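Report on one structure; see the data block that follows.
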Amino acid sequence: MSTSLIHPVIKFALHTPELTELASVLTVGLQKSFKSASARVVDCPDLTEKPFRLAAPGICGSPRLADVGGPPFLLPEVQREKIYNIETLSKMMELPGAFCIGAGAGPGHHEGVNAEMMCNLNLKDANGHQTYLAKVDPVDGKCILKQTQSTEFMLMANLLCSEGKPGKVLEIKASERTVDDNFPTTIRKILKEKYGDKPVSLAGVFIVETGKAKLHVMPDFSCQPINTVKDLNNWLRFYEVDAPLICLGELISHDPNLDLREEHFHCFSDHGEGGHYHYDITPNEVSYRAYFSVPETLYRIDKPTNVLTFGKD
Ligand code: ZN
């Protein structure tokens, strides 16, 4: 098994409204979905500090989005040869030495088992590898959260790559959810309504500050093909996890026919749990705080040729 050095790539310019415009659009929209909500333009807080503990101080400087591979490489049967190197990807994105954060499948070929990846890698910094993995304990079924030094992953990822600099970002605060949609879905739909078929992406970090969230973690690859949503849900392990949770990833308001993941966030914590964020399960107690950049360019890397016909989680 070897890492391919070159993958097919499609480069796409995203729509990038002014931050001030996004702040006012999102404030109005989120106030219909949360009891309290606001969005404003701020200087990015130092993301290396607690509670974020990211590998670079900011998410500014040439923000670019990578949508790599996809669920068709996992389902119905895993394609183990789908291995990606983040350093290679950063060069393909014309941003060598990038700071990359986001959600993906882990380096199962190094780990020995399948895992969820919370990518937190600053390629410019020798100490800048603070990526977490979540996996399922095969003995008791509990979630295991650990760090990795691998710069590779398998199958799929949705990453924000930037120069990791401080700068202006969008800060969103929202608490007490009053609608069924989760936090990123609500934001995505507000942007879709405003911008239609012009794709607008927000990417970075949000924290579930209070409440509980439903996460999943992939166990090791299934020996049986996974053909239905029921098979998938029987295979995945679901957890109800306490805040605070630090969630890394992206959302995009419109898919310009590139089989994009519309939203994908993975989270870690300092209490030993993490995984793929689905939604909070405590609408009356939940509060969110987000810092997002607006990616200028999308790189669709190694797009699967077949489309998955059931759930994309
Ligand atoms: Zn995921």
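The values are calculated or read from the model by the stated rules, or taken from the named source; none is laboratory data. Quick caveat, the model's predicted, so the values are computed rather than measured. Don't worry about glycine lacking a Cβ; one is built from the backbone with ideal geometry, like all the others, and counts go over all protein chains shown. Only protein heavy atoms, including side chains, enter the accessible area calculation; ligands, DNA and RNA are left aside. Shrake-Rupley method; radii C 1.70, N 1.55, O 1.52, S 1.80 Å.
So how do 15, 276 rank on accessible area, 1.4 Å probe, biggest first, that is with the largest at the start?
Putting 15, 276 in descending order of accessible area: 15, 276.
Give me the base-10 log of I(q)/I(0) for the chain at each q in 0.09, 0.11, 0.14 Å⁻¹, Debye formula, one uniform scatterer per Cα, rounded to two decimals.
-0.40, -0.61, -1.04
Accessible area of the chain with a 1.4 Å probe: how many percent of it is carbon plus sulfur? Don't skip to the end; give the middle numbers.
On the way: 6130 of 12770 Å².
With neighbouring chains kept in place, the figure for the chain is 48 percent.
By a straight-distance test (C-alpha under 18 Å), which lysines pair with residue 230 as possible cross-link partners, with residues fewer than eight away in the same chain excluded?
214, 312
Under the 0.36 nm per residue contour assumption, what length would be gained going from the current alpha-carbon distance of residue 80 and residue 110 to full extension? All intermediate terms of the calculation are to be shown ahead of the outcome.
Details: separation 30, 0.36 × 30 = 10.80 nm, distance 1.17 nm.
Full extension of this stretch gives 9.6 nm more.
Ranked from highest to lowest mean number of other Cβ atoms within 10 Å per residue, what is the order of the peptides 228-239, 150-161?
150-161, 228-239
Output ³J(HN,Hα) for segment 276-283: one whole-Hz value per residue in order, computed from phi by the Karplus curve 6.51 cos²θ - 1.76 cosθ + 1.60 with θ = phi - 60°, and x for Gly and Pro.
Karplus-based 3J(HN,Hα) across segment 276-283 equals 7, 6, 9, 5, 7, 10, 10, x Hz.
Once the whole set of protein chains is in place, how much accessible area is left on residue 262, using a 1.4 Å probe, in Å² to the nearest 10?
Looks like 90 Å² after rounding.
Within 12 Å, Cβ to Cβ, of residue 185, how many net charges do the neighbouring residues add up to if Lys/Arg are +1 and Asp/Glu are -1?
Working: positive: 177, 188, 189, 192; negative: 180, 181, 262, 263, 280.
Result for the neighbourhood of residue 185: -1.
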